[in-house]
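Please read the structure below before turning to the comments.
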Amino acid sequence: MSFNTYGRLFRVTTWGESHGPAIGCVVDGCPPRIALSESDIQPFLDARRPGTSRFVTQRREPDAVRILSGVFEGLTTGTPISLMIENVDQRSRDYSEIRDRYRPGHADYTYDAKYGHRDYRGGGRSSARETANRVAAGAIARRIIDGVTIRGAVISIGEMEIDRANWDWSECANNPFWCPDARAAKAWEGYLDGVRKDGNSVGAVIEVHADGVPAGWGAPVYAKLDSEIAAGLMTINAAKGVEIGAGFAAGRSKGTDMADEMRLGEDGLPAFLANHSGGIQGGISNGNTITARLAIKPTSSMLTPTRSVNARGEEVDVVTKGRHDPCVGIRAVPVAEAMLACALADAMMMHRAQVGV
């Protein structure tokens, strides 16, 4: 099996390759009578779209989405929603020199090892171009979990981190890095310019939040909400690590430091005095803000020569031409938001299927 589908009740199947005529997805399980149009999806695709600054790939794609099925007279019908995004700015010739060479860190060798045949143009199915489908599906998921606010930010690029004391969500829209710290964003400009001019790349860490998730979503054992979220985030290209709440810092802490103590809130429900658990306890949401962090490795497509081998078993050096992100983590923020939305929509639907509310 190829496993191109994510989710249990809210199911997203993506299709298409980086340099094919189009990419798209089929969203199955969306409830009926939800207002939906292309204009509900397009803003999220515009946020992920390439070519928006000098710090991302200069491939020019409008990423205009078309709804092909599942919506009638502005409302979802309960049948599969098919979405399509045309590819209009492919430059397949940029990859002709590496058609038989394995780019270190990419999926070139592993695809050949598994299938014995691969689309070398831009990585084919393994390209980050595929993530536009997820963003489109995530826009639909957000309509299902209406009332939940999902936001993401880049909190570090390479070794340069934000100062959390300066965190301001509104700043994410004021710089090309999705950075909530205006001072850090200014420093990142010069840093990334240097990385790009050196023909190199750098990794990043993304943090996503979901506010307004009620207590009760998730399951205690094999469908823990944190495991479902982590699984979804780890499907994102170049993802190499996920933390929920305090994450790995929990392993260096004492119980007194990690306890999310409670008092009664004005509504009579528990009010948490901390959120080290990231809004999830025992695999079930507790009503607190859900927080997760995602580590994105540096893109392996670089102008700096790297040592590799080719399909004939010869040692070669690889230089990847074309248009690539010096930090692919920047454009991964809308993708991380989308996968969190899909995971939460799936969890909400499973919760209602079991308990009825």
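Structure data summary
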| item | result |
| --- | --- |
| Cross-link reach list, lysines versus residue 186, counting only Cα pairs under 19 Å and skipping chain neighbours closer than eight places | 197 |
| Most mobile of 200, 175, 286 in a GNM of the chain (Cα contacts under 10 Å) | 175 |
| The chain: relative contact order in percent, alpha carbon pairs under 8 Å with at least 6 residues between | 22 |
| ³J(HN,Hα) computed for each position of the range 29-34 - Karplus, 6.51 cos²θ - 1.76 cosθ + 1.60, integer Hz, glycine/proline x | x, 5, x, x, 6, 9 |
| For the range 74-174, projected area of the alpha-carbon convex hull averaged over all directions, nm² | 11.5 |
| Mean accessible surface per residue for the chain, computed with a 1.4 Å probe while every protein chain stays in place, in Å² | 48 |
| Residues whose placed amide H lies under 5 Å from that of residue 68, excluding near-sequence neighbours | 82, 83, 84 |
| Among 264, 45, 303, residue whose mean-square fluctuation peaks in a GNM of the chain (springs only between Cα atoms under 10 Å) | 264 |
| Separation in nanometres of the label points that stand 7 Å from Cα toward Cβ, at residue 211 and residue 193 | 3.4 |
| Pair-distance profile P(r), taking every C-alpha pair of the chain, with 20 angstrom steps and integer % | 29, 57, 14, 0 |
| Choice from 261, 161, 38 with maximal GNM fluctuation in the chain (Cα, 10 Å cutoff) | 261 |
| With Cα atoms, 0 to 90° folded angle of helix 38-48 axis to the chain main axis | 60 |
| Range in the chain, longest, excluding exposed chymotrypsin sites (Phe, Trp or Tyr not before Pro) [loop by DSSP; at most 10 other beta-carbon atoms within 10 Å] | 4-221 |
| Degrees separating the helix 333-355 axis from the principal Cα axis of the chain, which is the longest one | 40 |
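The values are calculated or read from the model by the stated rules, or taken from the named source; none is laboratory data. The structure displayed is predicted, hence computed values, not measured ones. Positions of Cβ are backbone-derived with ideal geometry, glycine not excepted, and every protein chain shown enters the neighbour counts. Just the protein is used for accessible areas: all its heavy atoms, side chains included, with ligands, DNA and RNA removed. Shrake-Rupley method; radii C 1.70, N 1.55, O 1.52, S 1.80 Å.
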